[in-house]
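Only the coordinates and a few stated rules stand behind these numbers; no lab work does. Bear in mind the structure is a predicted one, so any value in this text is a computation, not a measurement. Cβ sites come from the backbone with ideal geometry, for glycine too, and all protein chains shown count toward neighbours.
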Amino acid sequence: MLGMLGAGAAGLAAAPYLQKGWENFLAAASEVDATGLTGLLPNPGGFRYYSVVGSVPHKDETNYALTLGGLVDRPRTYTLDQLRAMPRTRVVHDVVCTDGWRVEKTPFDGVRLADLLDDAGVRSKGAAIRFTCFDGAYSESLTLEQARRSDVLVALTMQDKPITHAHGGPVRLYVAPMYFYKSAKWLSGISVTDKVVPGYWEERGYAVDGWLDGADRQGDAA
Ligand SMILES: Nc1nc2c(c(=O)[nH]1)N[C@H]1C(S)=C(S)[C@@H](COP(=O)(O)O)O[C@H]1N2
Ligand SMILES: [Mo]
């Protein structure tokens, strides 16, 4: 398997990815790597690239839209420019994947999910959020209480740069106090539900509550 990957990677390396840098190359390789083995290649940035589908459409200001619906009074659709114009919050926290890698003190910046929820007006029956993605496959969930935390962002930048396609740009979720699988990439839909609908990995055995050790579980004791 690794040998096959090596051959595939060598073939891809001949492509122009090398000019764009190793991180872009890894992202491109992982998009065609059904085995997931590109996750084992070294990456100086510390991140590994994850996608549960083979290829994901690219979106930018010309065609990106985020819908907010479900149990709300005022369903919304936001363009990228509209999101960028909203009040922004910067959160710096360690990023931790359940696979064992960590990237310390990573800055994210974006719109607080709480602000978007207030904008739409959550109805009294609303108790949880379901997130969907324009990769057409991934989904995530939070309770409404978790979603209203000030360190949960609809993120527009990562490491102080626009979020790259590989990292789930132009817009991804960032749930700072939880494992990184909660931070859905390529975010396209936010729906208020009356109960938690387990997400993609949660249906495959991951904990629905993805708290990092030592994370502030404010509200748990309520
Ligand atoms: N749409 C989508 N979001 C996703 C995933 C995915 O496969 N698809 N993987 C999750 C997991 S397990 C991790 S660790 C992070 C990885 O983010 P990165 O690719 O920017 O490093 O994204 C999370 N969000
Ligand atoms: Mo992960």
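General observations
- Ranked from largest, the principal axis spans of the Cα set of segment 117-160 equal 35, 26, 17 Å.
- T79-K195 pseudo-label distance in nm [points 7 Å out on the Cα-to-Cβ vector]: 4.0
- Think of each Lys and Arg Cβ as +1 and each Asp and Glu Cβ as -1; about the Cα centre, that makes the dipole of segment 51-108 roughly 180 debye.
- Derived scalar couplings between HN and Hα for segment 133-140 equal 10, 7, 6, x, 9, 7, 8, 8 Hz in order, rounded to whole Hz, by the Karplus curve 6.51 cos²θ - 1.76 cosθ + 1.60 (θ = phi - 60°), x for Gly and Pro.
- Partner lysines for K59 [C-alpha distance under 20 Å; skip if fewer than 8 residues away on the same chain]: K20, K161, K185
- The simple Förster model, with R0 at 41 Å and r as the Cβ-Cβ distance, assigns K125 and S55 a FRET efficiency of 0.65.
- Cβ-Cβ FRET estimate between T62 and D213, R0 fixed at 41 Å, reported to 0.05: 0.50
- Zone residues, segment 64-106, relative to R204, backbone N less than 13 Å from point 7 Å out along Cα-to-Cβ: 99
- The H on the amide N of L156, modeled in the peptide plane, is under 5 Å from the matching H of D109, G110, V111, each at least 5 residues off or on a different chain.
- Alpha carbon convex hull of segment 112-222, projected area averaged over orientations, nm²: 7.3
- Highest-first arrangement of 71-82, 148-159, where packing means the average Cβ count within 10 Å: 148-159, 71-82
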